[in-house]
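These notes concern the structure reproduced below.
The values are calculated or read from the model by the stated rules, or taken from the named source; none is laboratory data. Computed from a predicted structure; not experimentally measured. As a convention, Cβ positions derive from the backbone with ideal geometry for all residues, glycine included, and neighbour counts pool all protein chains shown.
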Amino acid sequence: MKKTLLVAAIALLGFGTVSQADDIQAKYQATCFACHGTGAAGAPMTGNKAQWAPRMELGMDAMVASVKNGKGAMPPKGLCNDCTDDQFKALVEFMIK
Ligand code: HEC
């Protein structure tokens, strides 16, 4: 019985230490991926440097602002309503790689 509890405690600890990178990936999958993973609605695709190049010229701050305000077919906040500015920045960095 004690052993079972210990195993459960260790499992819980493991889940509690989700790194920031995992968190960003999870947010990406739940939101941005719907469009940026598929190119839906003309969204620049994740990892496609040619499609991102002209947008990168705007600079990171302008791109983060576009996400927050929405742009073209992209809804405001890119559907991630609980994302912070730092998380939007990390998400954009993740997609342009
Ligand atoms: C419903 C589809 C959709 C979702 C969800 C979405 N995007 Fe977009 N995104 C687009 C489209 C379409 C464009 C191109 C907009 C244009 O230039 O007209 C775009 C453009 C962008 C750009 C470039 C902005 C610029 O100024 O050129 C960034 C950065 C971006 N998305 C980030 C994100 C992030 C981060 C998320 C997740 C939090 C996200 N998007 C979710 C559809 C989406």
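For the reader, a short list of remarks on this structure follows.
- All conditions but one from (1) in contact (Cβ under 8 Å) with a residue 24 or more places away in the chain; (2) more than 9 Å from the ligand (Cβ to nearest atom); (3) not in a helix (DSSP H, G or I) apply to CYS83; the one that does not is (2).
- Filtered residue count, region 17-28, keeping only those that are under 18 Å from VAL64 (Cα atoms) and of a type in the set (S, T, N, Q): 1
- GLN25 vs. criteria touching a residue at least 40 places away in the same chain (Cβ under 8 Å), surrounded by 11 or more Cβ atoms within 10 Å (Cβ to Cβ) and of a type outside the set (Phe, Trp, Tyr): yes
- Residue in region 40-53 that is loosely packed, with under 10 Cβ neighbours inside 10 Å, among the small types (Gly, Ala, Ser) and at pLDDT 95 or above present: yes
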